[in-house]
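Beneath this line is the structure, given in structure tokens, with notes to follow.
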Amino acid sequence: MNSIGNLMIPIEEETEYIPLLSEEEEEDLKKMNIPDVLPILPLRNTVLFPGVVIPITVGRDKSLRLVQEVYRKSKILGAVAQKDSSIEDPDFEDMYKVGTVAQILKILEMPDGTTSVIIQGRKRFQMDDLLTNKPYHAAKITSLEDSDVEPDGEARAVAAALKELAIKIIRLSSNIPTEATFAVKNIESPSFLINFLASNSELSLKEKQMLLENNSISKRGFILLEHLSKEAQMLELKNDIQTKVKSDLDQQQREYLLHQQMKTIQDELGGSPQDQEVQEYRTKAKKKKWSKEVSAAFEKELEKFARLNPATGEYSVQANYLQTLIELPWNEYTKDNFNMTRASRILEKDHFGLEKVKDRILEHLAVLKLKGDLKSPILCLVGPPGVGKTSLGKSVAAALNRRYVRMSLGGLHDEAEIRGHRKTYIGAMPGRIIQNLKKAKSSNPVFVLDEIDKVGRDAQGNPASALLEVLDPEQNSTFHDNFLELDYDLSRVMFIATANTTSGIHPALLDRMEVINLSGYIVEEKIEIARRHLIPKQIEYHGLKSSQISLPRRTLEFIIESYTRESGVRQLDKQIAKLVRVVARHIAFDDAYEKSITKKKVLEVLGQPRFIKEKYDGTRYAGVVTGLAWTATGGEILFVETSLSQGEGKLTLTGNLGDVMKESAVIALEYLKSHAPSLSLDPKLFQKYNVHVHVPEGAIPKDGPSAGVAMMTSITSAFTRRMVRNHTAMTGEITLRGKILPVGGIKEKILAAKRAGITDIVISAENRKDVEDIKEIYREGLRFVYVHEISELIEFALLQEKVESPTPIS
């Protein structure tokens, strides 16, 4: 037997070679005389090492002729590995330069017609030059010797380690017969052991060739040792995995038998836990107030649950479904408190202002008290951040004596979050509507849908479409959740949606809700909110007493105007919290401090004012007009500036303006051109001067039609050089016919004008109803000028007195 491939290959007994070399025989091989010229046999996919015997199949005509001729003569040839086995007729460059002198031991004619040759490596050599390639390759060679600088002891130590590792691999591998152990043990020569193991290892062709080219026995041994170590580790890991899998299977069989025995014992003792669970569900179901349809569905699902094997995945899904049916408050309602005085007192106590919302809640409560049954309204509170939209839901719940539930819709993008998943999926859950009702334990809570304008959408569906059924009073009495697969009545749930703007709400969804607009607070209201709510809350939160800190009205007004710019009170709450924390620190350190917070203390704690109060900026130049704008954080004043320069009538617009705002400027200029004679203007002026309209604060995007009247007045003032009336602001849309159309955000704009010290506001006559809806306290100190046409606007806004103009008109 000779070790190759799987370490053992049968060899016919009449062969004339010794498969395992002793050290003396190896020395004889090294001393053999090698001719300077050798016929070269290219080898595919294998490397021949000195002393090792391998069989090769000869298929190429050149190679077959070479083998036959050499076998008849010296039986000596040079075996060199090909770099690429796919090359049929390799050239000198296609073969490695280092090979092994080989002796042909036997030629075997195989039954399939192929020829197999058994060769044994003798000694390493290097090809210097290819002399001929016809009829086969012949090359001039140089014999290579192993370097003898390494100590003999190191080589033997490496050989001993390799021998142990090889025996270990044979023991671990199921593909190598155990007889191979004896072959490895009987090898005495370190050099031959390394060659023998390298030849029979799983090394790649390149790695084997590198070993062959290495002249150091020890280095070859170390490289081989590293590879065999990895192979041994892989075999150990493979065996561990197989052992673990076998033990897992054995464990499953063991558990199955134990389950069967346990089932038998439980039957003897009077029932299994599953039967007890079924009975528990049935007992709870008797207390529920559900309809015949729900009761029938529950019984059907319970019978199915009783037949399931507890070991299956469907068992937990079914148990979860039954548990959800039982925990839901089917036809369970809290009793509304119809004490109107109490409800009004709670709403007034928790929130300052917001009269429209409070009135709508009290109206609903009054009708409910008289009729006894009424579908709950679906309100949508729209307003800037921090005005109390979300917290209002808690107050409404307290006023009605109902449970309170809040669900945030911001960033929601999966329809299943509303309708739930099919219960067939493992891990399926009902939608968040049903989940929150389960938490509330009531079917008529106050349900706040927060940030409904920020609902997203993606490939999973559009949640806004699912909300259509939830928020439609005609449909939500039969709301269908995918998990329940039963209709649930939401008609008595009071839904209150909140949003910052209606622009992001689906039109069909907006149509189903009763929209109540909440505007920002004026300074006086913010002071009152701070005194009633924010300061007591922060004092309690920081563990202080009301006697330990005082915030006078003047201090609060300074904080509001200098450190916040918002419609609500969220930033104001944060600034108050900073001041309270400073006082808490003084008290904790037993430091002396002033209980009354002064302006000086505010500057010390909060730093220099971050905002300058918006004030009207009077000007001696023509073309500068004060406009009014609406933003998400409330109203603001803005200035429209127009200047003229020598040119050809070109119109330039700057200030980061949107398309609608640019169109307003174009309309204003065209109207002025067409009505120039009525304003005593020479039409030729428009061809001599370029018009530049600018709205300051260019970093802030601006758009909308409400600046049309301001642009009209500004351009007219620039051309006529007439003075703009002092302390006047304006808002409205203009048309080419000279009409002034109404705009929105009137309350916010009025508050902005009041903050800035404006006394006169020019506004469309059609906005009169909006102004009259606003409380008198907001309008106090303001005069409203209602105009229908641009001519009325010019007549009021521009005085006959002319002022200095940056560009003189001639």
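Peptides 136-144, 303-311, 419-427 ordered by packing proxy, namely the average of other Cβ atoms within 10 Å per residue, highest first: 136-144, 419-427, 303-311.
Name the shape class, rounded, prolate or oblate, that the alpha-carbon gyration tensor gives for the range 759-806, where a ≥ b ≥ c are the square roots of its eigenvalues, rounded holds for a/c under 1.5, and otherwise prolate holds if a/b is larger than b/c and oblate otherwise. Note, shape of the range 759-806 comes out oblate. Bridgeable lysines around LYS83 (alpha carbons under 22 Å apart, same-chain partners fewer than 8 residues away excluded): LYS62, LYS97, LYS123, LYS134, LYS140, LYS206, LYS208. Shape analysis of the chain places it in the prolate category; the axes a ≥ b ≥ c from the Cα gyration tensor give an a/c of at least 1.5, with a/b above b/c. Label reach from LYS600 (point 7 Å along Cα→C-beta): in the range 549-566, no amide nitrogen lies under 13 Å. Each of GLY568, ALA499, LEU579 was placed along the dipole of the range 485-621 (beta-carbon charges, centred on the mean Cα), and the one lying farthest toward the positive end is LEU579. Applying 0.36 nm per residue to the separation of ASP682 and ILE587 and subtracting their alpha-carbon distance, the gain on full extension is 26.7 nm. Under 5 Å between amide hydrogens, built in the peptide plane, is the criterion, and for THR652 it picks out VAL691, HIS692, VAL693 among residues at least 5 positions away or on other chains. Candidate cross-link partners of LYS650 among the lysines, defined by an alpha-carbon separation under 16 Å and a same-chain spacing of 8 or more, comprise LYS662, LYS673, LYS684, LYS688. In plain terms, the chain from LYS439 to LYS292 could stretch by 50.5 nm, reckoned as 0.36 nm per residue minus the Cα-Cα distance.
When only the Cβ of Lys, Arg, Asp and Glu is charged (+1, +1, -1, -1), the dipole of the range 301-384 relative to its Cα centre reaches about 360 debye.
Computed from the C-beta positions of LYS140 and SER116 and an R0 of 22 Å, the FRET efficiency is 0.15 to the nearest 0.05.
Between the alpha-carbon centres of the range 380-416 and the range 729-786 there is a gap of 31 Å.
If you plug the beta carbon distance of MET234 and MET210 into 1/(1 + (r/R0)^6) with R0 = 22 Å, you get a FRET efficiency near 0.55. By the rule of a C-alpha distance below 30 Å, with chain neighbours fewer than 8 residues away ignored, the lysines paired with LYS601 are LYS526, LYS537, LYS545, LYS574, LYS578, LYS613, LYS615, LYS754. Taken about its Cα centre, the chain carries a charge dipole of roughly 4800 debye when the Cβ of each Lys and Arg holds +1 and the Cβ of each Asp and Glu holds -1. Ranked by the mean number of other Cβ atoms within 10 Å of their residues, highest first, the peptides 720-727, 177-184 come out as 720-727, 177-184.
Taking only protein heavy atoms and a 1.4 Å probe, what accessible area per residue, in Å², does the chain have with all protein chains in place?
Dividing the accessible area of the chain by its residue count gives 51 Å².
For the range 370-464, the tally of Lys pairs with Cα-Cα distances below 23 Å comes to 14, considering only residues 8 or more apart or on different chains.
Can you bin the range 64-132 into rounded, prolate or oblate? Criterion: square roots of the alpha carbon gyration tensor eigenvalues sorted a ≥ b ≥ c, rounded for a/c under 1.5, prolate for a/b above b/c, oblate for the rest. Because a/c hits 1.5 or more and a/b fails to exceed b/c, the range 64-132 counts as oblate. Modelled spin-label separation between ASP89 and LYS802, with each label point placed 7 Å from Cα along the Cα-to-Cβ direction: 10.6 nm.
Considering only DSSP beta bridges where both residues belong to the chain, give the percentage that are antiparallel (nearest 5). Here the antiparallel bridges make up roughly 55 percent for the chain. Seen from MET513, the other residues with C-beta closer than 15 Å to its C-beta sum to a net charge of -3, counting Lys and Arg as +1 and Asp and Glu as -1. Multiplying the residue separation of LEU172 and THR243 by 0.36 nm and subtracting their alpha-carbon distance yields 24.3 nm. Loop-resident trypsin sites (Lys or Arg not before Pro) (DSSP state other than H, G, I, E or B) in the range 667-702 with no more than 16 further Cβ atoms inside 10 Å of their Cβ: LYS684.
Amide H contacts of ASN401: ASN337, each under 5 Å away and 5 or more positions distant or on a separate chain (H built 1.01 Å from N in the peptide plane; Pro and chain starts excluded).
Compute the FRET efficiency between ARG531 and LEU370 as 1/(1 + (r/R0)^6), taking r as their Cβ-Cβ distance and R0 = 35 Å, and round to the nearest 0.05.
So, using R0 = 35 Å, E works out to roughly 0.40.
In the neighborhood of GLU236, defined by Cβ-to-Cβ distances under 15 Å, what is the net charge if each Lys or Arg adds +1 and each Asp or Glu adds -1? Every neighbour counted, the sum reads +2. The listed peptides 531-541, 289-299, ordered by packing as a protection proxy, come out as 531-541, 289-299 (highest mean of other Cβ atoms within 10 Å first).
Dipole of the chain computed with +1 at Lys/Arg Cβ and -1 at Asp/Glu Cβ about the Cα centre; of SER218, ASN690, ILE790, farthest Cα towards the positive end is ILE790.
The values are calculated or read from the model by the stated rules, or taken from the named source; none is laboratory data. For clarity, every value in this text was computed on a predicted model and none was experimentally measured. Here the Cβ is made from the backbone with ideal geometry for all residues, glycine too, and neighbour counts use every protein chain on show. Each accessible area value is taken on the protein alone, full model and side chains, heavy atoms only, with ligands, DNA and RNA left out. Shrake-Rupley method; radii C 1.70, N 1.55, O 1.52, S 1.80 Å.
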